[in-house]
Amino acid sequence: MPNKPLFEMPPFTVCPNCGKESLGILSVGGNQCSKRCYECRHTVYEGLPELDKKVLYLDQNLFSALYKFEQGGRPPPGHERFISEVHRLLRRLVLNQQIIMPSSDIHLDESIVFHESEALRLAIEMLGGDASFHNVHHIELSQAIAAAEAFFEKRDPIHSSDVDGILLHDRNQWLPRLHITVNSDFSAFADEIRENRGRGHTAMQSIFDKWTDEKKPFEEVLSAELNSTVQAKTGALLQFFSNYSSSIENADPMKFLNVIGNPIFTEYKTVRSLAGKYGFEGDEADKCVLSFWSSEQAQTLPHHRVAAYFFAAIARRAANGMKRNKLTRGMLNDIRAISTYAHYVDAMFIDRECASMLAEGPLNTELKYKAKIFSFADPTNFIEYLKDIDEGTDPLVGCLAETLYG
């Protein structure tokens, strides 16, 4: 159990057991620090102040630029001073226990296709403060459950914006002094990720061309996107059952394992099980799933609403003459990240084009999310945001962090 709260932590203190000045820092875990005597091996546990870390999401472009800077490479032209100052501030704020920048499965996918994949992944872990998000499908499912409960209870959904619910680790634990990582080789997945990204980009270009020709109003595209849930999910579920049957018929265990973990099947099972709790069984429970997917409650999912508004904004730009080459290969991942995390995190540094769309009406008035949005379009704002956090650091926490982490 922790002893009295810790207010000073010089490198060596007097051991309460043998009386010698030989008590040094051993480890940090959770909200306490352990110190051991180098003479008699007596161990003392002392409490550390409670924390309230902010959670930031950095897109892969900024993480990659920071990694290259650490390795002695040149930052993007015109942003040399920005990258240098952001690197200094982020590292300081993470070590001073003021922020974390969790990694995500979106980061992992984008890191795998990077030429220094393993090194970049480790850099994201280290710079980000040893934290990570639940995978995107887990977060989307949690929103679907909240909406489904509201559907069965015939009320408006309540979507929590508590960031702790989407983190794999305790946000407010003090950083351990040692970082343990596993050397994992994900290169076998690189080609598949590139192919999937390529297919998604090609499909998005086709839709963009259609929007360019049709020139539909923003409101019409938005309505279609918001109401697309039942069609998209029903189609995905039918495809799942087809793939499932094929894996069984062909006795293909690897295909079976890939199929059985499909997110659409997980959501189907979860909502169907929830229907049972409200008294629906058999075919009625299946009908409930379809009814939920076509309900008003299903349209309230934060990730679905943000994505729908983004696609409507892109359609509007297409109708107004936006060039096709503005659709980068990473834009779908950018939209997915913003749609997933903006509801929960304190701030996001995102793609310049996406930040520009979020600043347009009606996205800037009708979308409600917690995150402050930053991009390379106005890097000074991000610097000032980080400096404000730094200035608010509790002097005691800063002093202890300097002693613990250097």
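The values are calculated or read from the model by the stated rules, or taken from the named source; none is laboratory data. As the structure is a prediction and not an experimental result, all values here were calculated from the model. Here Cβ is always computed from backbone atoms with ideal geometry, including for glycine, and neighbour counts include all displayed protein chains. Surface accessibility is based on the protein's heavy atoms, side chains included, excluding ligands, DNA and RNA. Shrake-Rupley method; radii C 1.70, N 1.55, O 1.52, S 1.80 Å.
Does region 303-323 include one or more residues that are closer than 16 Å to GLY200 by Cβ and at pLDDT below 95? Even if it seems obvious, please write down each step before you answer.
Here is the first cut: in region 303-323, the residues closer than 16 Å to GLY200 by Cβ are 307, 310-311, 314.
Okay, now just the ones that are also at pLDDT below 95, so none.
The answer is no; no qualifying residue exists.
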* Would you be able to tell me the number of residues in region 365-398 that are of a type in the set (S, T, N, Q) and within 21 Å of the chain's Cα centre (by Cα)? => 1
* Structure fact -> Sole miss for GLY24 among (1) small (Gly, Ala, Ser); (2) modelled with pLDDT under 85; (3) closer than 25 Å to PHE376 by Cβ is condition (3)
* Close pairs from region 342-363: first on the phi < 0 side of the Ramachandran plot and at pLDDT below 95, partner in a helix (DSSP H, G or I) and open to solvent by less than 40 Å² (accessible area, probe 1.4 Å), Cβ under 6 Å, at least 6 apart -> ASP351/ASP334
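So, in region 243-255, of the ones that are assigned to a helix (DSSP H, G or I) and of a type in the set (A, V, I, L, M), which residue ends up surrounded by the fewest Cβ atoms within 10 Å (Cβ to Cβ)?
Of region 243-255, the ones assigned to a helix (DSSP H, G or I) are 243-249, 253-255.
Next, only the ones that are of a type in the set (A, V, I, L, M) stay: 248, 254.
Values: ILE248: 12, MET254: 8.
Among residues in region 243-255 that are assigned to a helix (DSSP H, G or I) and of a type in the set (A, V, I, L, M), the one surrounded by the fewest Cβ atoms within 10 Å (Cβ to Cβ) is MET254.
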* **All positions within region 322-356 that are open to solvent by 50 Å² or more (accessible area, probe 1.4 Å) and either in a loop (DSSP other than H, G, I, E, B) or within 25 Å of LYS53 (Cβ to Cβ) (or both)** => LYS323, THR328, ARG329, ARG336
* To do: Could you check ARG329 against (1) under 24 Å from ARG155 (Cα atoms); (2) of a type in the set (Lys, Arg); (3) within 22 Å of the chain's Cα centre (by Cα) and say which number it fails?
  => (1)
* Asked: If we keep just the residues of region 208-242 that are farther than 21 Å from GLN143 by Cα and among the basic types (Lys, Arg), which is least open to solvent (accessible area, probe 1.4 Å)?
  -> LYS216
* Looking at CYS37, is it touching a Phe, Trp or Tyr at 6+ places or on another chain (Cβ under 9 Å) and open to solvent by less than 40 Å² (accessible area, probe 1.4 Å)? -> no
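Run down ALA359, ALA308 and say which single residue is open to solvent by less than 30 Å² (accessible area, probe 1.4 Å) and out of contact with any Lys or Arg (no Cβ under 8 Å at 6 or more places or on another chain). Write out each step before concluding.
Values: ALA359 fails: open to solvent by less than 30 Å² (accessible area, probe 1.4 Å).
Answer to the check: ALA308.
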* **Condition met for LYS368 (surrounded by fewer than 19 Cβ atoms within 10 Å (Cβ to Cβ) and within 15 Å of LEU56 (Cα to Cα))** => no
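Say we look at region 162-197 and pick out the residues that are modelled with pLDDT of 75 or more and part of a helix (DSSP H, G or I); which of these is most open to solvent (accessible area, probe 1.4 Å)? Can you show your working first?
Of all residues in region 162-197, those modelled with pLDDT of 75 or more come to 162-176.
If we keep only those that are part of a helix (DSSP H, G or I) too, we end up with 163-166.
Details: VAL163: 11, ASP164: 65, GLY165: 48, ILE166: 6 Å².
Within region 162-197, the match that is most open to solvent (accessible area, probe 1.4 Å) is ASP164.
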* Among the numbered conditions (1) part of a helix (DSSP H, G or I); (2) β-branched (Val, Ile, Thr); (3) buried (at least 16 other Cβ atoms within 10 Å of the Cβ), tell me where THR393 comes up short. => (1)
* To do: Identify the single condition in (1) modelled with pLDDT of 90 or more; (2) of a type in the set (Gly, Ala, Ser); (3) closer than 24 Å to ASN381 by Cβ that SER64 does not satisfy, given that it satisfies every other one.
  => (1)
* **Number of the exception - PHE376 against (1) open to solvent by 40 Å² or more (accessible area, probe 1.4 Å); (2) in a loop (DSSP other than H, G, I, E, B)** => (1)
* With respect to LYS53, is the statement that it is modelled with pLDDT of 90 or more and either closer than 28 Å to SER104 by Cα or open to solvent by less than 40 Å² (accessible area, probe 1.4 Å) (or both) true? -> yes
